[in-house]
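Novice: The structure's right below; bear with me while I get my questions together.
The values are calculated or read from the model by the stated rules, or taken from the named source; none is laboratory data. Source: prediction; values computed, not measured. Here Cβ is always computed from backbone atoms with ideal geometry, including for glycine, and neighbour counts include all displayed protein chains. Side chains included, ligands, DNA and RNA excluded: accessible areas come from the protein's heavy atoms. Shrake-Rupley method; radii C 1.70, N 1.55, O 1.52, S 1.80 Å.
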Amino acid sequence: MATWVLTGSLENFRVNVGRGFDLVGFKERRRNQAAEVEPGDEIVYYVTGVQAFGAIARVRSRMFEDRAPVWPQDAKKHPEDYPWRVEAEPVAVLSEDAFVAAESLVDELEHVRKWPAEHWHLAFQGQLRTVSEPDARLLRERIGAAAAVTAGTG
C-alpha cells in the first residue's frame, strides 16, 4: 500500500467534501503517476492557500479516464478537468477549522527535509507525490487525532 499526498485548492477540497470523497481526480500531466495508484492506497489531501492537511481517502479502484466536469473550472488561467480518476472512500475528513497545519509537521516529515527549512512549502508543489511509510504514519496519526477531537466536540 502506498500513501500519496494530493495537492489541491480549498475550492476543490470543498467539492470533495460535498461528494463524500468518492472520487479523486488527477491532472492531465499526472497520468503516469495516477496509473500507479492502486486500490488500498491512501490519498492525503494537502490544501494550498491554507497550507494544511484536510483529509485522507482510501482508493477503491484502478485509474480510469473520465472528462465529465466535477471540479470548478471558472476563473482559472489553464482549466483542468482532472481526467485520470479513481473511486475512493473517506478515511478521515476534517472540518476546515480543524485542518492540520503543514508547518506544524515540517520538522518531522522526511519528505520536507529535501528542501531548505525556510522553503518547506516547496515540498508540496506539484499535484501528486508518494511519501515514506514513517511520513504516512505521522500524517494518519495527526489527521486521525484531529478528526477524533472534532468528532468529540461536534
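Novice: Output needed for the chain: three equivalent-ellipsoid semi-axes, defined as square roots of 5 times the C-alpha gyration tensor eigenvalues, in descending order, whole Å.
Specialist: The equivalent ellipsoid of the chain has semi-axes of 22, 18, 16 Å.
Novice: Something else about it: What shape does the stretch 76-143 take by its C-alpha gyration tensor, where a ≥ b ≥ c are the square roots of the eigenvalues and a/c under 1.5 counts as rounded, a/b above b/c as prolate, and the rest as oblate?
Specialist: In terms of gyration-tensor shape, oblate.
Novice: When the dipole is taken about the Cα centre of the stretch 1-80, and only Lys, Arg (+1) and Asp, Glu (-1) are charged at their Cβ, what size is it in debye, to the nearest 20?
Specialist: 140
Novice: Most fluctuating residue of Ala101, Ala88, Ala55 in a GNM of the chain with Cα springs under 10 Å: which is it?
Specialist: Largest GNM mean-square fluctuation: Ala101.
Novice: Assigning unit charges at the beta carbon (Lys, Arg +1; Asp, Glu -1) and nothing else, what dipole magnitude in debye, to the nearest 20, does the chain show about its Cα centre?
Specialist: The dipole of the chain has a size of about 340 debye.
Novice: Relative to the longest principal axis of the C-alpha atoms of the chain, give the angle of the C-alpha long axis of helix 10-19, reported between 0 and 90° and rounded to the nearest 10°.
Specialist: Here the helix axis deviates by roughly 70 degrees.
Novice: What accessible area per residue comes out for the chain, rounded to a whole number of Å², with a 1.4 Å probe?
Specialist: Here the per-residue accessible area is 51 Å².
Novice: Give me the number: length gained by fully extending Ser9 to Glu65, i.e. 0.36 nm times residue separation minus the C-alpha to C-alpha distance, one decimal in nm.
Specialist: 18.0 nm
Novice: Of Arg14, Arg129, Arg67, which has the most accessible area with a 1.4 Å probe, and how do the rest follow in descending order?
Specialist: Arg14, Arg67, Arg129
Novice: Given R₀ = 30 Å, FRET efficiency for Ala101-Arg29 by Cβ-Cβ distance, to 0.05?
Specialist: 0.60
Novice: Next up: Using a 1.4 Å probe on the protein chains only, how many percent of the accessible area of the chain belongs to carbon and sulfur?
Specialist: Carbon-and-sulfur percentage of accessible area, whole number: 50.
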